[in-house]
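Every number here is computed from the coordinates shown, using simple stated rules; none is lab data. This one's a predicted model, so the numbers in the text were calculated from it and none came from an experiment. With ideal geometry, Cβ positions are generated from the backbone for all residues, glycine too; neighbour counts draw on all protein chains shown.
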């Protein structure tokens, strides 16, 4: 084979300079996405902190106040999700997904918790996504846009079930024996829905296994309320 000419060497160097520039750009993107995701992880706690006040006081006024505070606390996270959508290059959703999936699951829990408290209604994936300023999973375009992943939504619902089990216990102590029945009715429908699913995600399946313990706690509280005729 003929030796490489100066022209060929220059061409190779130029090609690798392009690779170097691309690697630098990729690294800058990763670092910016990581920084935003880390901030989101912190801020996603705030709506839950506001809602968890009702475990101590769950009269109607306290619940309304907690909902208002939680909605206000959601906005910074919604803004950060929009920022992530701008930082994420098209088609790279699943490349970076692990960086923000946990706070998004917590945010899903927050908006579905609010929906239960307001109307005993299960917030759909599409509605939850809309409230978070995200696309729904069906609109995700194969990872082309920042969207609410189905598994993250389901994780959020399982987190909600655990939170409702805790609320059921605390509501009786706080003088709201009507809440355990509302929690039980809602949770039974939720459990029935999950029974229809076939989990391939190991982490999701393990979380689902915990649902039966949440349901047992909920049913025990309701039984106690019924026997003691507290309603």
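Tell me the relative contact order for the chain as a rounded percent, counting alpha carbon contacts under 8 Å between residues six or more apart.
Working: 232 pairs, mean separation 41.0, N = 231.
Normalised by residue count, the contact order of the chain is 18 percent.
Round to the nearest 0.05 the FRET efficiency obtained for residue 61 and residue 101 when R0 = 25 Å and r is the Cβ-Cβ distance. The partial results should precede the final answer.
Numbers: r = 35 Å, r/R0 = 1.40.
Result of the calculation: an efficiency of 0.10.
Treat each spin label as a single point 7 Å out from the Cα along the C-beta direction, and report the residue 230 to residue 195 distance in nm.
2.7
Compute the acute angle (0 to 90°) between the alpha-carbon long axis of helix 211-227 and the principal axis of greatest extent of the alpha-carbon atoms of the chain; round to the nearest 10°.
Rounded to the nearest ten degrees, it is 20.
Can you work out the PRE-style zone for residue 206? Point 7 Å along Cα to Cβ, and I want the residues of the stretch 87-113 with backbone N under 19 Å.
98-106, by backbone N distance to the label point.
Test of understanding: in a Gaussian network model of the chain with alpha carbons linked when under 10 Å, which of 21, 61, 201 would top the mean-square fluctuation ranking?
Fluctuation is largest for 21.
If one takes the longest principal axis of the Cα atoms in the chain, at what angle in degrees, from 0 to 90 and to the nearest 10, does the Cα axis of helix 179-195 lie?
Here the helix axis deviates by roughly 40 degrees.
What nm value, rounded to one decimal, do you get for the distance between residue 22 and residue 216 when each label is placed 7 Å out toward the C-beta?
A separation of 5.5 nm, rounded to one decimal place.
On a full-extension model of 0.36 nm per residue, what is the gain between residue 7 and residue 52, subtracting their alpha-carbon distance, rounded to one decimal in nm?
Value of the extension gain: 9.4 nm.
Please find the FRET efficiency linking residue 38 to residue 118, where r is the Cβ-Cβ separation and R0 is fixed at 30 Å, and quote it to the nearest 0.05.
Working from the Cβ atoms, E equals 0.45.
Tell me what the chain gives for mean residue ellipticity at 222 nm when only DSSP H runs of n ≥ 4 count, each as -39,500 (n - 2.57), the sum divided by the residue total, rounded to 500 deg cm²/dmol. Before the final figure, lay out the partial values.
Working: 9 runs with 173 residues, N = 231.
So the calculated ellipticity at 222 nm is -25500 deg cm²/dmol.
Compare 45, 22, 87 in a GNM of the chain, Cα atoms joined below 10 Å, and give the one with the largest fluctuation.
22
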